[in-house]
1. Summing Lys, Arg as +1 and Asp, Glu as -1, what charge do residues with Cβ under 10 Å from the Cβ of Ser151 carry, Ser151 excluded?
2. Considering only the other residues whose Cβ falls under 10 Å of the Cβ of Val135, what net charge follows from Lys and Arg at +1 and Asp and Glu at -1?
3. With 10 angstrom as the radius, rank Thr62, Thr55 by how many other C-beta atoms surround their C-beta, starting from the fewest.
4. Taking only the Cα atoms of region 59-153, how large is their convex hull per residue, in Å³?
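No lab work stands behind these numbers, since they all come straight from the coordinates. Please read these numbers as outputs of a predicted model, since none were measured by experiment. When we count neighbours, we look across all protein chains shown, and the Cβ atoms used for this are built from the backbone with ideal geometry, even at glycine.
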Amino acid sequence: MRQTRRVASLLICLLVGAPAAIHGLSDVPASAEIQEDTAGQVTINDDPTSNTTDTQLSISATIFSGVPGPRECRGSVMATLDVAPPPAGGGRTAAACYNLPSPAGCGNFVANKADGCEARLFAEPNCAMYTNTAVFIPEPRAVGGRWRSISVQCGIPPPDPDSLGKPPLADLMTNVKKGPKSARARRSAADAVDAAAAAAAAVLP
């Protein structure tokens, strides 16, 4: 029995004195700042000057033969366009027209918003019979339609909100007056007032 107790005590001492698991810091970026307080706690602060979310995207358009699905385009890839970025000093690029081998039904138009790219969609070859405009965005969002050619242009500045003016129905919405209450609504309000008065009278001596 004493032998068993000694073995158990030795195991407990070994478990209590065992060192904690060591986690490697190999995945921490070189620009991160590591701070250690007096209690042995380590805090890792990323470099505030680094911006990992701002990723420079290439300007591309992927055209599909199918139609838009719930999240992405269906069908096979008909064409992939890699567009040159606009000049660094600003200014629009010349519009380039691209004919497709057959009618397309969906497309992804991906680029940074700062590139200011848009694709004008046409129902006929040689960029004839305009149907819609697709704006390049930083995610592959499905754009549906039916077109045979597209015209791509970049370096388009964003619209000035002040130059757009107020929406056409803005004044009408502010001048909308509430209509008269229905008879049922008036009865409900009157019943609520009567119930409150009755409750107050019951409380008073």
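1. On the way: positive: Arg120; negative: Glu118.
Local net charge: 0.
2. +1
3. Working: Thr62 16, Thr55 8.
Taking fewest neighbouring Cβ atoms as first place, the list is Thr55, Thr62.
4. On the way: hull volume 7.4 nm³, N = 95.
It comes to 77 Å³ per residue, whole-number rounded.
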